[in-house]
Amino acid sequence: MKKVAALDLGTNTFLCLIASGDKDGIKKVHRDLMQVVRLGQGVGQTGEFHPDALARARQCLTEFKKEIDSEHVDQILAMATSAARDARNGQELFRIGEELGIPIEIIPGEDEARITYLGGTAGGTDPNVTSLVVDVGGGSTELIVGKGADILYGHSLDIGGVRLTEKFVTTQPVIEKDRKPLEAYIQEQLATILPEITKHKIDQIVAVAGTPTALVAIEVGGFDEKKVDGFFLKKDRLAHWVEEFARTTVEEKKTKYHLGGRADIIFAGASILLAVVEALNLEGMVVTTKGVRYGVALEMFYAR
């Protein structure tokens, strides 16, 4: 058995999974760490990482490395997604990784779908069920259709919680003249791939990442992995939260719903999820606490 540290360095959130396993999968989770870093701060406008974002990234990775060292892992791998691809000074992030002894790779586009699907369905998949795995990130949203272990279609759209908030939202509560173009833009982007997705009869949507898990945590009265993982979030509840996040200030979202560093982008993230559920005319979505970090860990276990 092998012990690994698998990191997912997203546009908004950094996650670190320390787990043991082998070619049959993950056997034990030792640590599952998360910090909101907002690496993608301003990248959409300036095309590069903000010095403050890089400082937060260094701080977070330094803390993660202490945890990793205390667990004596055999292998470390960090995967960076959307923001690192977009930033002119992306090398700065790799330099931080090198200094700390954390190898960072950018997930190549063709691998992103596989790793996301693998991670999103890490709990095992029914070979007869066709799932659409939706991973709403800070910079992009991955949509992957799979049946059992097979991937049928995958695509990454440049819509994410941070990207859309910076592009459209000028104030919160969200005003109508910001909301309408944001929602129209999501529809526009989804329309480019819907024909490919609907070639397959989608039985269920599986939603991964911080936006859906934060929504379920509110629904169940606080984050409890056992309650959140596998929760079915109905479409009408999702619509309720989109409305609630549209009419509240960032501060209200923090104090009332304990959304922390996700409070200012949750409206955009939830709007993306609602648009997907409505486009497929399904009753809701299954939420999982798994995700890319699980896919990265499984890649390391399978590579042996």
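The values are calculated or read from the model by the stated rules, or taken from the named source; none is laboratory data. Treat the numbers as computed from the prediction; the structure is a model and nothing was measured. For neighbour counting, all protein chains shown are included, and Cβ atoms are generated from backbone atoms with ideal geometry for every residue, glycine included.
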All but one of (1) modelled with pLDDT of 95 or more; (2) among the aliphatic types (A, V, I, L, M); (3) over 19 Å from Val296 (Cβ atoms) hold for Leu7, so report the exception by its number.
(3)
List pairs: first residue in the range 222-240 and of a type in the set (A, V, I, L, M, F, W, C), second residue exposed (fewer than 14 other Cβ atoms within 10 Å of the Cβ) anywhere in the structure, Cβ distance under 8 angstrom, at least six positions apart or on different chains.
Val228/Val220; Phe231/Val220
Go through (1) more than 20 Å from the chain's Cα centre (by Cα); (2) assigned to a helix (DSSP H, G or I) one by one and return the number of the condition Gly269 breaks.
(1)
So which helices (runs of 4 or more DSSP H) stay within the range 140-204 end to end and still have 3 or more residues that are at pLDDT below 95?
161-168
Quick one: in the range 55-101, which of the residues that are among the acidic types (Asp, Glu) and touching a Leu at 6+ places or on another chain (Cβ under 7 Å) is nearest to Met34 (Cα to Cα)?
Glu67
Surrounded by 14 or more Cβ atoms within 10 Å (Cβ to Cβ), under 21 Å from Gly291 (Cα atoms) and either out of contact with any helix residue (DSSP H, G or I) (no Cβ under 6 Å at 6 or more places or on another chain) or of a type in the set (S, T, N, Q) (or both), is that true of Gln41?
no
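Yes or no, residue by residue, for (1) in contact with a Leu (Cβ under 9 Å, 6 or more places away or on another chain); (2) in the same structural domain as Ile144 (by TED's automatic domain parsing); (3) β-branched (Val, Ile, Thr):
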{"position": "Thr192", "(1), (2), (3)": "yes, yes, yes"}
{"position": "Pro195", "(1), (2), (3)": "no, yes, no"}
{"position": "Gly230", "(1), (2), (3)": "no, yes, no"}
{"position": "Arg237", "(1), (2), (3)": "yes, yes, no"}
Being under 25 Å from Val169 (Cα atoms) and surrounded by fewer than 16 Cβ atoms within 10 Å (Cβ to Cβ) is the filter here; which residues of the range 44-62 pass it?
Gln45, Thr46, Gly47, Pro51, Asp52
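Residue under question is Asp150, and the condition is that it be surrounded by fewer than 16 Cβ atoms within 10 Å (Cβ to Cβ), of a type in the set (D, E, K, R) and touching a Pro at 6+ places or on another chain (Cβ under 9 Å); does it hold?
Against the criterion (surrounded by fewer than 16 Cβ atoms within 10 Å (Cβ to Cβ), of a type in the set (D, E, K, R) and touching a Pro at 6+ places or on another chain (Cβ under 9 Å)), Asp150 qualifies.
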When Asp203 is run through (1) surrounded by fewer than 20 Cβ atoms within 10 Å (Cβ to Cβ); (2) free of Cβ contacts under 8 Å to residues at least 40 places away in the same chain, the failure sits at (2)
I want to confirm something. Restricting to the range 205-216 and keeping residues that are assigned to a helix (DSSP H, G or I) and small (Gly, Ala, Ser), which single residue is modelled with the highest pLDDT?
Ala214
Counted residues in the range 146-189 being in contact (Cβ under 8 Å) with a residue 12 or more places away in the chain, among the β-branched types (Val, Ile, Thr) and within 16 Å of Val242 (Cβ to Cβ) come to 5
